[in-house]
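Report on the structure given below.
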Amino acid sequence: MLNLTSPKAVIELLKSNEITPNKVLGQNFLIDRNILDSIVEVSETGPEYSVLEVGPGLGVLTEQLMLHSKHVTAVEKDSGLYRILSERWGNEENLTLIHGDALEVPLHEIYAAGATRLISNLPYSVGVRVVLDSALCENPPEVMVLLLQKEVCERFAAKPGTADMGIVSVLLQRLYKVTLVRNVKPTCFYPQPDVTSTIVKLKRHNDYPMDQAESKYFTEFVKLAFSHRRKQLASVMKNAPAPYGKSADEIRALLLQVGATETARPEELSIPQWVQLSALWKIPK
């Protein structure tokens, strides 16, 4: 069997298929067995669960997910890599391969069809978008375990009052418990990326339930509030478009009502404060 955690085997496979890793697409292939095992270990997958994988590459993670899951749907953009995956596993009953761009493939349909986990060594170029699209769709995954750039994962898990706290932090933490599992050195990939990576786990919770309309309002509200993140919320939102704009005095009063200061900046609010503020904001004068 081909050992896809062997640098020599990976290099030979790429060379024999005339494939040069594409830095723009974030093609850094995982070659460390311990990291691979760590991803699978925290993924809470099993024979009753279906999994979505974005950017399977040569299939090192795909192979393990097929062993530990009911079904795997893998979306690969690169034609050469898709061909390798098809030749090796195209006839497997518990694997569906999709040749396409994850930003264009309707991922929500894959979740609606039964996938409850997103487990991926995500290409850095599309990572945040894929995670947000998954989290905010109508049938979001229960668990996401991702290998991404360290700084991006730290934004997912950021705490109020820190520079990393932003739109992504608020939107994800309203829906998921975010855990930074472990850092991953560049030497664990071929070719080596220029940055450190991190395994991050997001597990769905229902602490702040909202219907689709409420969730959409909350998302837009948070995006507007962070549109000038270093400014005070009262300054930012008084100029917001309808129906979000309010007077500075109204905004200060609402901030005090949720336990924030009148001069609070977006990054200073906690998730419960954001949820409460959004609900109050929506109430007509």
Q | Per-residue HN-Hα couplings for the stretch 181-188 [Karplus 6.51, -1.76, 1.60; θ = phi - 60°; Hz; x = Gly/Pro] | A | 7, 6, 7, 10, 6, x, 5, 7
Q. Rounded, prolate or oblate: which one fits the stretch 181-232, using the alpha carbon gyration tensor with axes a ≥ b ≥ c (rounded when a/c is under 1.5, else prolate when a/b beats b/c, else oblate)?
A. oblate
(Q) Tell me which DSSP H helices of the chain clear both cut-offs, 30 Å or more of axial length from alpha-carbon atoms and a mean Kyte-Doolittle hydropathy of at least -0.5. (A) none
Q | Choice from VAL181, VAL152, VAL105 showing the highest fluctuation, given a GNM over the chain with Cα pairs closer than 10 Å | A | VAL105
Q. When the chain is treated as a GNM, springs tying every alpha-carbon pair under 10 Å, which of THR45, THR20, THR219 comes out with the largest mean-square fluctuation?
A. THR20
Q) For the stretch 7-74, what is the per residue volume of the convex hull drawn over the alpha-carbon atoms, in cubic angstrom? A) 93
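What's the Cα-based Rg to Rh of the stretch 33-120, Rh via Kirkwood?
Details: Rg = 12.0 Å, Rh = 12.9 Å.
Value, to two decimals: 0.93.
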Q | For the stretch 63-171, alpha-carbon Rg over 2.2 N^0.38 Å | A | 1.16
(Q) If you scale each eigenvalue of the Cα gyration tensor by 5 and take the root, what three semi-axes come out for the chain, rounded to whole angstrom and sorted largest first? (A) 40, 19, 16
Q. Just ILE19, ILE31, ILE167 to compare: in a GNM of the chain, with alpha carbon springs under 10 Å, which one fluctuates most?
A. ILE19
Q. How high is the FRET efficiency between ASN94 and GLU214 when r is their beta carbon distance and R₀ equals 41 Å, given to the nearest 0.05?
A. 0.65
Q) Under the rule of -39500 (n - 2.57) per DSSP H run of 4 or more residues, summed and divided by the residues of the chain, what mean residue ellipticity at 222 nm is obtained, to the nearest 500 deg cm²/dmol? A) -11000 deg cm²/dmol
Q: Kindly state, to the nearest 0.05, the FRET efficiency for LYS238 paired with GLU142, given R0 = 41 Å and r defined as their beta-carbon distance.
A: 0.55
Q | Under the Karplus curve 6.51 cos²θ - 1.76 cosθ + 1.60, θ = phi - 60°, whole-Hz ³J(HN,Hα) for the stretch 140-156, x wherever Gly or Pro sits | A | x, x, 6, 9, 10, 10, 9, 10, 9, 4, 3, 5, 5, 5, 5, 5, 4
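Take the Cβ-Cβ distance between LYS177 and THR20 as r, set R0 to 51 Å, and report the resulting FRET efficiency rounded to the nearest 0.05. List each step's numbers first, then the result.
Details: r = 39 Å, r/R0 = 0.77.
Given R0 = 51 Å and the Cβ-Cβ separation, E is 0.85.
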Q | Estimated inter-spin distance, ASP101 and HIS228, nm [label 7 Å along Cα→Cβ] | A | 3.3
Q) Can you list the residues, at least 5 places off or on another chain, whose amide H is less than 5 Å from the amide H of TYR176, using H built in the peptide plane? A) HIS205
Q: Using a 10 Å Cβ count of at most 11 others and DSSP loop calls, identify the longest part of the chain lacking such GluC sites (Glu not before Pro).
A: 139-285
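Return the ratio Rg/(2.2 N^0.38 Å) for the stretch 95-235, where Rg is computed over Cα atoms only. Show your work: numbers first, answer last.
On the way: Rg = 15.8 Å, N = 141, 2.2 N^0.38 = 14.4 Å.
Ratio of Rg to 2.2 N^0.38 Å for the stretch 95-235: 1.10.
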Q. Residues with amide H under 5 Å of ASN22's amide H, sequence separation 5 or more or different chain, H placed in the peptide plane at 1.01 Å from N; which?
A. GLN27
(Q) Given points 7 Å out from each Cα along the Cα-Cβ axis, report the ARG33 to ASP207 separation in nanometres with one decimal. (A) 3.9
Q) For SER6 and ILE283 in the same chain, what is the full-extension length gain: residue separation times 0.36 nm, less their Cα-Cα distance, in nm? A) 93.9 nm
Q. According to the square roots a ≥ b ≥ c of the eigenvalues of the Cα gyration tensor, what is the shape class of the stretch 83-146, taking rounded for a/c under 1.5, prolate for a/b larger than b/c otherwise, and oblate for the remainder?
A. prolate
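Values in this text are rule-based calculations from the coordinates and carry no lab data. It should be emphasised that the depicted structure is a prediction, and the values quoted were computed from it without experimental measurement. Please note: Cβ atoms are built from the backbone with ideal geometry, for glycine as well, and neighbour counts cover all protein chains shown.
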